[in-house]
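K.L.:
Take a look at the following structure, please.
The values are calculated or read from the model by the stated rules, or taken from the named source; none is laboratory data. All of these numbers come straight from a predicted model, not from anything done at the bench. Quick reminder, even Gly has a Cβ in these numbers, built from the backbone with ideal geometry, and neighbours come from all protein chains shown. Protein only, heavy atoms only, side chains kept; ligands, DNA and RNA dropped before computing areas. Shrake-Rupley method; radii C 1.70, N 1.55, O 1.52, S 1.80 Å.
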Amino acid sequence: MKTEDKLPPGLPSTHPDRRGEVSFAYRFSTATSPLAVGRGLGGLARRLFGAKTFLINRIAFGLVAVLLLLALLGPVLAPYDPNAPNTNAALQAPGAVHWLGTDDVGRDVLSRILTGATQTLISAVLIVVFATLIGVIVASAAALAPRWADEVVMRVCDMFMSIPSLVLALGLAAALGPSLTSIIIAMVAALWPATARLTRGILRETMTSAYIESAQIVGMSRLRLMVRHAIPNSLDAIYVHASMEISGTIVMMSGLAFLGVGAPPPSADWGSMIAQGQDFITTAWWVSLFPGLAITLSAVAFGLAGDAVRSLADPSSRRS
Amino acid sequence: MDARSPILNVSALSVSVPEKLRIGGGQGDLRLVDGVSFQIRSGERLALVGESGSGKSMTARALMQLDRDVVLKGSVCWDGTELLGAAPRRLREIRGAEISMLFQDPMTALNPVLTIGEQVAEPLLVRGVSKKNAYRKAAQILDRLHVPKAKERLRAYPGQFSGGMRQRVVMAAALVAEPKLLIADEPTTALDVRVQEQVLDLIEEQSRELNLAVLFITHDLATVAGLAQSVVVMHHGKFVEQQNVDDLFSKPQHPYTRGLLASVPRLDADPNRRLLTVEDYMANHGGESLG
């Protein structure tokens, strides 16, 4: 075993008075650990599709993969122009020409569902990503801030959460005017407080662990402590929350569209398609039924996937 | 600087929890450490002993000002500057680079998602040392602490290490920035006896080689005997006795110290006699007031 008696010369001094000035960019690059985040994601992906995954989980992930693929390719796969009216073929029952029938102005229901998938699923994912990002940032700030600021932020979250999120989103979306962007903004505004509260709780717990304390005595700033040590160790719970949120978001977005604050017509949105078909649901059931099925299927698939992510992240909740 | 003048001079240090932050209520501020004074010279090994709750750890944590909710009074003078009330920036500069700390449980003291290298090099990275140099130095310090294949181990995760190895890694992280004082808060309590001895030997070895002052906190008098040069006995937040190590064991002054030493059970004692406790000693001295 070799022991060097002296530390080698030439290494930069760590003494505060003698250290060289370094750029902010350099400090930032050493403060974050993209590796740690990447490893977290990679490990999750391996577990998602690994050999030991339960059948039900694999089905869920398979469904989600198919849905996301459809969301990306939907407009290309659609057999007809989703917005072109064809009064000669109005309200046709499902059959060989129009697989899922046509609506009251003769637009192909299948084409509209496929086009709508892009809108609904992609924006649901976007909403959850943004809400989680805002939630995590707010929670980190609250956990770093002095006690009173933390209290203020959390009471603001409480205020948001005291209004049912659907009502809040409905009001905001109506105020912003009917467009996809306004729906996304409204939903993010309605969802972030829950994420922030949850994340703050998790971060607080992580911050009390011994390794955070030992990292602190190394002399790092609290910001670095948060970004490099506390957040990577809380990611598991954040992934789980985000994946569970997606299914609820899909249902809520469709609900908003159904109530008429979604993307303006003639854009194909699952929720507004149901609303459009409800006038003649007794005679032409297919106009409402198929978009409804699409919503249900997506919500169930993402819900199952969320469950699966949770069971993977937290072994104690695994079904035996 | 004169080698005999103390690098750390603590005088009349008190730690208390303000009334409104006391858990479970209670009246008045809760005083955890009550006016303690001591000095550490460079290269000196001082042990702080006492039972659980006597304020040993709080004293150490107060030096680093780790707790946000306690009120500190008195003076902590490090290398000529006062630390109590110093700017957070100045404190950050001192933590890790001049005063470092080892914690009780090496199993939880390492971040599970970062590699050993990232964690050992961190005190250097925080201070703007380049990654390459920081990792080089991390490997060297691990090597110094007898971690085999230090270079390859930098990429390993804490989960791949045993308890004794982890305590070495924690120690490497504490020593990598070449501090002048190491505060060791019961660093061997969570380890088995054999590993304990290795860790104690390492601390002593590093202290000798690097002229590193050590404040060693423990409740185990046996570890004190081999390691420290002088000992402070703490009870109810106060120092009851301060002596050099040989004198403490041969002629303890305070009844509490005598009680502590005598309550270590002896193998050759008469099994039919009740073992003496600290309270017996205190009672024999008319219940001298301590706290």
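K.L.:
Taking residue B:67, is it touching a strand residue (DSSP E or B) at 6+ places or on another chain (Cβ under 7 Å) and either open to solvent by 30 Å² or more (accessible area, probe 1.4 Å) or acidic (Asp, Glu) (or both)?
P.N.:
So residue B:67 fails the test.
K.L.:
Residue B:170 passes all but one of (1) out of contact with any Asp or Glu (no Cβ under 8 Å at 6 or more places or on another chain); (2) open to solvent by 20 Å² or more (accessible area, probe 1.4 Å); (3) in a helix (DSSP H, G or I); (4) within 11 Å of another protein chain (Cβ to nearest Cβ); which number fails?
P.N.:
(2)
K.L.:
Okay, next question. Find all pairs meeting these conditions: Cβ atoms under 9 angstrom apart; at least six residues apart or on different chains; first residue within segment B:63-80 and within 13 Å of chain A (Cβ to nearest Cβ); second residue among the acidic types (Asp, Glu).
P.N.:
Qualifying pairs under 9 Å: B:66/A:213; B:78/B:98; B:79/B:98.
K.L.:
Failed condition for residue B:145, given (1) touching a helix residue (DSSP H, G or I) at 6+ places or on another chain (Cβ under 7 Å); (2) open to solvent by less than 20 Å² (accessible area, probe 1.4 Å); (3) under 17 Å from residue B:202 (Cα atoms); (4) within 8 Å of chain A (Cβ to nearest Cβ), with all others met?
P.N.:
(4)
K.L.:
Continuing with the same structure: For segment B:196-207, give me each residue that is free of Cβ contacts under 8 Å to residues at least 40 places away in the same chain and surrounded by fewer than 19 Cβ atoms within 10 Å (Cβ to Cβ).
P.N.:
B:197, B:198, B:201, B:205
K.L.:
Another question, then. Name the residues in segment A:80-113 that are more than 22 Å from residue A:263 (Cα to Cα) and hydrophobic (A, V, I, L, M, F, W, C), would you?
P.N.:
Answer for segment A:80-113, where residues must be more than 22 Å from residue A:263 (Cα to Cα) and hydrophobic (A, V, I, L, M, F, W, C): A:89, A:90, A:91, A:93, A:96, A:97, A:99, A:100.
K.L.:
Moving on to the next point. Take segment B:146-161 and flag every residue that is touching a residue at least 12 places away in the same chain (Cβ under 8 Å) and either part of a loop (DSSP other than H, G, I, E, B) or of a type in the set (S, T, N, Q) (or both).
P.N.:
B:146, B:147, B:154, B:155, B:156, B:157, B:161
K.L.:
While we're looking at this one, here's another question. Hey, can you tell me all the residues within segment B:242-276 that are surrounded by 13 or more Cβ atoms within 10 Å (Cβ to Cβ) and either modelled with pLDDT under 75 or more than 23 Å from residue B:228 (Cβ to Cβ) (or both)?
P.N.:
B:276
K.L.:
Do you know which residues across segment A:135-166 are in contact (Cβ under 8 Å) with a residue 24 or more places away in the chain, polar (S, T, N, Q) and over 18 Å from residue A:203 (Cα atoms)?
P.N.:
A:165
K.L.:
If you don't mind, another one. Can you tell me which residues in segment B:208-220 are open to solvent by 40 Å² or more (accessible area, probe 1.4 Å) and under 15 Å from residue B:231 (Cβ atoms)? Please lay out each step first, then the result.
P.N.:
Here is the first cut: in segment B:208-220, the ones open to solvent by 40 Å² or more (accessible area, probe 1.4 Å) are B:208-211, B:219-220.
Selection gives B:219, B:220.
K.L.:
For segment B:25-43, give me the residue count where each residue is over 13 Å from residue B:234 (Cβ atoms) and open to solvent by less than 30 Å² (accessible area, probe 1.4 Å).
P.N.:
Summing the residues that are over 13 Å from residue B:234 (Cβ atoms) and open to solvent by less than 30 Å² (accessible area, probe 1.4 Å) in segment B:25-43 gives 3.
K.L.:
Consider segment A:236-262. How many of its residues are under 15 Å from residue A:185 (Cα atoms) and surrounded by fewer than 22 Cβ atoms within 10 Å (Cβ to Cβ)?
P.N.:
The qualifying residues number 0.
K.L.:
Name every residue in segment B:173-195 that is in a helix (DSSP H, G or I), at pLDDT 85 or above and open to solvent by 10 Å² or more (accessible area, probe 1.4 Å), in order of residue number.
P.N.:
Scanning segment B:173-195 gives a single hit, B:173.
K.L.:
Moving on to the next point. Can you give me the number of residues within segment B:127-138 that are out of contact with any Ser or Thr (no Cβ under 8 Å at 6 or more places or on another chain) and at the interface with another protein chain (Cβ under 7 Å from one of its Cβ atoms)? Quick ask: steps written out before the conclusion?
P.N.:
Going residue by residue through segment B:127-138, those that are out of contact with any Ser or Thr (no Cβ under 8 Å at 6 or more places or on another chain) are B:128, B:130, B:132-138.
Subsequent filtering for residues that are at the interface with another protein chain (Cβ under 7 Å from one of its Cβ atoms) retains B:128, B:133, B:137.
Number of matching residues: 3.
K.L.:
Look through A:238, A:217 and report the one residue that is within 14 Å of chain B (Cβ to nearest Cβ), closer than 30 Å to residue B:123 by Cβ and either touching a residue at least 24 places away in the same chain (Cβ under 8 Å) or within 19 Å of the chain's Cα centre (by Cα) (or both).
P.N.:
Values: A:217 fails: either touching a residue at least 24 places away in the same chain (Cβ under 8 Å) or within 19 Å of the chain's Cα centre (by Cα) (or both).
That would be A:238, the only listed residue that is within 14 Å of chain B (Cβ to nearest Cβ), closer than 30 Å to residue B:123 by Cβ and either touching a residue at least 24 places away in the same chain (Cβ under 8 Å) or within 19 Å of the chain's Cα centre (by Cα) (or both).
K.L.:
Output the residue which, of all residues in segment B:148-167 that are under 18 Å from residue B:117 (Cβ atoms) and open to solvent by less than 40 Å² (accessible area, probe 1.4 Å), is nearest to the other protein chains (Cβ to nearest Cβ).
P.N.:
Step by step, filter segment B:148-167, then rank; the result is B:158.
Every residue, every condition in (1) at pLDDT 90 or above; (2) aromatic (Phe, Trp, Tyr); (3) surrounded by 14 or more Cβ atoms within 10 Å (Cβ to Cβ), yes or no:
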site	(1), (2), (3)
B:17	no, no, yes
B:23	no, no, no
B:45	yes, no, yes
B:61	no, no, yes
B:74	yes, no, yes
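K.L.:
Please identify the pairs in which a residue from segment A:89-114 that is touching a residue at least 60 places away in the same chain (Cβ under 8 Å) and in a loop (DSSP other than H, G, I, E, B) has its Cβ atom under 6 Å from the Cβ atom of a residue that is exposed (fewer than 15 other Cβ atoms within 10 Å of the Cβ) and of a type in the set (Gly, Ala, Ser), counting only partners at least 6 apart or on another chain.
P.N.:
So the pair list comes out as A:101/A:93; A:104/A:90.
K.L.:
For segment A:155-201, which positions are among the polar types (S, T, N, Q) and either open to solvent by less than 40 Å² (accessible area, probe 1.4 Å) or not in a helix (DSSP H, G or I) (or both)?
P.N.:
A:179, A:182, A:195, A:199
K.L.:
So, in segment B:104-135, how many residues would count as being over 23 Å from residue A:235 (Cα atoms), open to solvent by less than 20 Å² (accessible area, probe 1.4 Å) and touching a strand residue (DSSP E or B) at 6+ places or on another chain (Cβ under 9 Å)?
P.N.:
Looking only at that region, the number is 1.
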